[in-house]
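Below: the structure, in structure tokens.
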Amino acid sequence: MTYVTDSPTIINVTRKLSKSDWSTFCQKAYSELSSGTELDSSDHMADFPNKLYNIALTTIPKSKPHSRKHHTVWFNDDCKTAVKDRTKTLHKVKTSLTTENIEKYKIIRAKATRTIKWAKRRSWQTFVSNRTVATFRHEEELAPRSSSFKLF
């Protein structure tokens, strides 16, 4: 069973609410929605969502649907270039399957894996080096008590 509606279909649309122009949104909403038509009119009520949606389209920017942003501490520019090179080489292998491209892909894949592991290891080392005994004791106080495990 399908329903046909006049309202715009919104599927997985994310908006950058922090970058929206709210003053312009309010001005446009006031000017377009406060028209002299009757409030009881069914056409006016049916047009309301469409008008509001069109105002939002012009004043609230959309974000990219498939953002590949990495929110990890260890993912740095070296990791980014390594993953990019690995993806490019994989695409070459898929487009032209030759032994030379396969060997090149294996080498670049190994370099990317090594780069990512090194970045993770380095990030962990800097994280642990910033810890002190006072930090561990504070975390132990915040953690739930367990009789089988104690830090100090």
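Legend: calculated FRET efficiency, Asp43 to Thr14, from the Cβ-Cβ distance at R0 = 25 Å, rounded to 0.05, equals 0.20.
If the segment from Asn130 to Trp118 were pulled out straight at 0.36 nm per residue, it would be longer than the present Cα-Cα gap by 2.5 nm.
For the pair Lys104 and His71, label points projected 7 Å from Cα toward Cβ lie 3.6 nm apart. Across segment 77-142, the mean sequence separation of Cα contacts (distance under 8 Å, 6 or more residues apart), normalised by length, yields a relative contact order of 35 percent. For segment 77-142, the residue among Val133, Ala82, Thr98 whose Cα projects farthest onto the positive side of the dipole built from Cβ charges is Thr98. Rounded to the nearest 0.05, the FRET efficiency derived from the C-beta distance between Thr81 and Thr58 at R0 = 30 Å is 0.20.
No value in this document is a laboratory result; all are computed from the given coordinates. The structure presented is a predicted model; accordingly, all values stated were derived computationally and were not measured. FYI the Cβ positions are ideal-geometry reconstructions off the backbone, even for glycines, and counts take in every protein chain you see.
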